[in-house]
Amino acid sequence: MSRSRLAWVAVAAAVALAPSLGAQETTPPKRELPAGLGGGPEMVTAHALLVRIEALAPDLSAPEGTATEARALVDRLKTEAVVESRFTFAGDVSIQEILSGDFLLPAGTLVMHKAGNRYFAILDPVQKTFVPMDAAQLLAALEGGAGIENSQFDAKVEHTREKRDIAGISCRKSIVTIKYVSAVPIENEKVFVQKKNDIEVWHTPELPSAAAQDHLFFKFQSDKTGVVKKVLQTEIGFPMEVRLVATQVGAKKGETLEPGSFHWVVTEAKVGKLEKADFQIPPEGYKRLDKNPYFKSLAQ
């Protein structure tokens, strides 16, 4: 596999990890109505999932001028990163909490996202502040810098007969193959590179998938034709397990390079009712910060 395949590992990790990178249990508490009062807040069905994420990209390097967030993530991925998160999904909105506080952002940080939006809102529930992070800029940096244009997308799904339960939910194994062309600016010219990603996905139709697919397949939102999105929405349900192993080619004789890898797996799944207001982005009473305070001491 090429370096572009290794970059996908970092991209997937960036969207799954970088916007939320570190938090403890801070799920908004359910507000109870006083006894005897009718009505009450509007409730929605919510799915709470524990997710284990493992990512490694030992031979990836961020080019000069890369955003601080991307440089910090690339440096962290040179050794295996293991993060446990809780994702709460309601419709097309997700709330992510990191239960292991040893990655990049402070423990207690939350991230909220609405499917289709390019921004992830990073929240400090103690200070009641939030910062919007443009995941598209992080993606561009991890792919090699600004100016890279992807086009000619093609997506196919091969459904296998393999089925198994993950966290008590029946899942089916499918292989998602996505091909596209990257135009990489070099001096005053553009070099066109053919790229191909084969991704193993165990998925289920039992859970809402739009927001989860945004986390895991954000890289392919640069497809302006919508081909990839349409294929994923029609062929792939909620991704309960996603696996990609990328090997680095072009090594010198006798040189051993560790493969890059990305693995997402749901370990526990629950369903219940939460207030619709809990999924408002940003939450009521939160103040927006103009500067991102989370990465100022990283990648210096």
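Quick notes on this structure:
- Residue list for the stretch 196-242, filter: farther than 21 Å from Glu162 by Cα and surrounded by fewer than 16 Cβ atoms within 10 Å (Cβ to Cβ): Lys196, Lys224, Thr225, Gly226, Lys230
- Extreme residue, modelled with the lowest pLDDT, among residues of the stretch 133-154 that are among the hydrophobic types (A, V, I, L, M, F, W, C) and touching a Ser or Thr at 6+ places or on another chain (Cβ under 7 Å): Ala141
- Every condition in (1) free of Cβ contacts under 8 Å to residues at least 40 places away in the same chain; (2) out of contact with any helix residue (DSSP H, G or I) (no Cβ under 8 Å at 6 or more places or on another chain) is met by Lys229 except one, and the failing one is (2).
- Residues of the stretch 148-180 that are touching a residue at least 24 places away in the same chain (Cβ under 8 Å) and farther than 17 Å from Val231 by Cβ: Ile148, Glu149, Arg164, Ile166, Ala167, Gly168, Ile169, Ser170, Cys171.
- If the condition is being assigned to a strand (DSSP E or B), modelled with pLDDT under 90 and of a type in the set (A, V, I, L, M, F, W, C), then the stretch 179-218 contributes Val181, Ala183, Val184, Ile186, Val191, Phe192, Val193.
- Subset of the stretch 117-135 [out of contact with any strand residue (DSSP E or B) (no Cβ under 9 Å at 6 or more places or on another chain) and either over 19 Å from Asp278 (Cα atoms) or among the basic types (Lys, Arg) (or both)]: none
- Check on Lys163, modelled with pLDDT of 85 or more and at positive phi: no
The values are calculated or read from the model by the stated rules, or taken from the named source; none is laboratory data. Remember, it's a predicted structure, so these values are computed and weren't measured experimentally. Note: ideal-geometry Cβ built from the backbone for every residue, glycine included; neighbour counts use all protein chains shown.
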